[in-house]
Amino acid sequence: MRIILVEDETDLGFAIRRTLSQKSYVVDWVEDGDTAWNYLENSWTQYTLGIFDWMLPGLSGLELLKRLRQQNNPLPVLMLTAKDTMDDKVVGLDAGADDYLVKPFGMSELLARLRALQRRSPLLQHQQLQVGNLALDYKTNSVWLTEAGVPQQSISLTAKEFQFLEYFMRHPGQIITSEQLLSQMWSLEAERMSNVVAAQVRLLRRKLTTLGCDRQIETVYGLGYRFKPHYELS
């Protein structure tokens with residue numbers, strides 16, 4: 001899952017990114033509102049959650065939030081702020097914040113708030129993603145082979161394998177380039193090499209082969225990859 005973190009306090013931003021990365025989140029950390037808006041407008045990156053500090057250089061966290069909601073973007077957003085009066089909380093919630101965390105806070109509380117936001121997210125509310133005869137289970141980080149919609153056998157996935165397969169399953173039949181996968185699966189400031197994508201796809205294919213699904217991710221030579229779901233005949 002990918003998070004955009006907008007926090008201009010360097011020590012706090014570093015601590016949050018380190019904590020989230022240890023929990024297998026992909027984190028893009030920026031320190032001003034204008035850069036954050038550029039990230040949010042990038043069509044190649046799809047965020048699961050947002051963490052916005054209220055007071056930021058450039059666009060404030062509140063202004064970022066208002067822009068998102070004006071575009072009907074449903075991204076779940078947790079606001080971070082030193083403002084702790086009831087009026088301030090009302091302003092943030094009325095602007096479209098999904099939750100509100102007052103500084104200082106513990107990382108365990110931050111993680112608990114994010115888990116709660118994930119449970120309420122429309123993308124994850126059913127805890128499973130079913131496409132064709134494959135079902136991703138968010139609770140167990142596994143993929144199931146199904147027959148007539150009934151799970152038959154499963155295999156566990158690493159965090160990165162899960163992220164890759166989820167992205168493929170959310171874009172069935174579409175050609176996905178290595179650049180798109182790099183942009184989605186690694187933070188934008190991370191060192192990224194295209195051969196890493198090929199290696200991850202090979203590992204994922206091996207896992208799917210054990211389920212008898214060895215041809216569902218095909219290579220489109222010169223372009224990228226395509227997920228071809230298998231649908232059972234009725």
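Across the stretch 167-184, the number of residues qualifying as crowded, with 19+ Cβ neighbours inside 10 Å and within 19 Å of Leu145 (Cβ to Cβ) comes to 2. Of all the criteria given as (1) over 15 Å from the mean Cα position of the chain (by Cα); (2) in contact (Cβ under 8 Å) with a residue 12 or more places away in the chain; (3) buried (at least 19 other Cβ atoms within 10 Å of the Cβ), the one not satisfied by Glu147 is (3). Go through the stretch 5-58 and count every residue that is assigned to a strand (DSSP E or B), over 21 Å from Glu161 (Cα atoms) and either within 12 Å of the chain's Cα centre (by Cα) or touching a residue at least 40 places away in the same chain (Cβ under 8 Å) (or both). The total comes to 7. Taken together, Leu64, Leu157, Leu134, Leu129 contain a single residue that is under 19 Å from Trp29 (Cβ atoms) and either of a type in the set (D, E, K, R) or buried (at least 16 other Cβ atoms within 10 Å of the Cβ) (or both), which is Leu64. Is one or more of the residues making up the stretch 105-118 modelled with pLDDT of 85 or more and more than 28 Å from Ser142 (Cα to Cα)? Yes; the residues of the stretch 105-118 include at least one that is modelled with pLDDT of 85 or more and more than 28 Å from Ser142 (Cα to Cα). Of everything in the stretch 79-103, what is among the basic types (Lys, Arg), at pLDDT below 80 and assigned to a loop (DSSP other than H, G, I, E, B)? Give them in sequence order. Matches in the stretch 79-103: Lys83 only. Among the residues of the stretch 21-67, just one is hydroxyl-bearing (Ser, Thr, Tyr), out of contact with any Phe, Trp or Tyr (no Cβ under 9 Å at 6 or more places or on another chain) and over 21 Å from Glu179 (Cα atoms), namely Ser21. Taking the criterion of being outside any loop (DSSP other than H, G, I, E, B), within 19 Å of the chain's Cα centre (by Cα) and farther than 26 Å from Lys160 by Cα, the residues of the stretch 59-78 that qualify are Leu64, Leu65, Leu68, Arg69.
The values are calculated or read from the model by the stated rules, or taken from the named source; none is laboratory data. Keep in mind the model is a prediction, meaning the values are calculated, not measured. Counting neighbours? That spans all protein chains shown, and the Cβs are built from the backbone with ideal geometry, glycine included.
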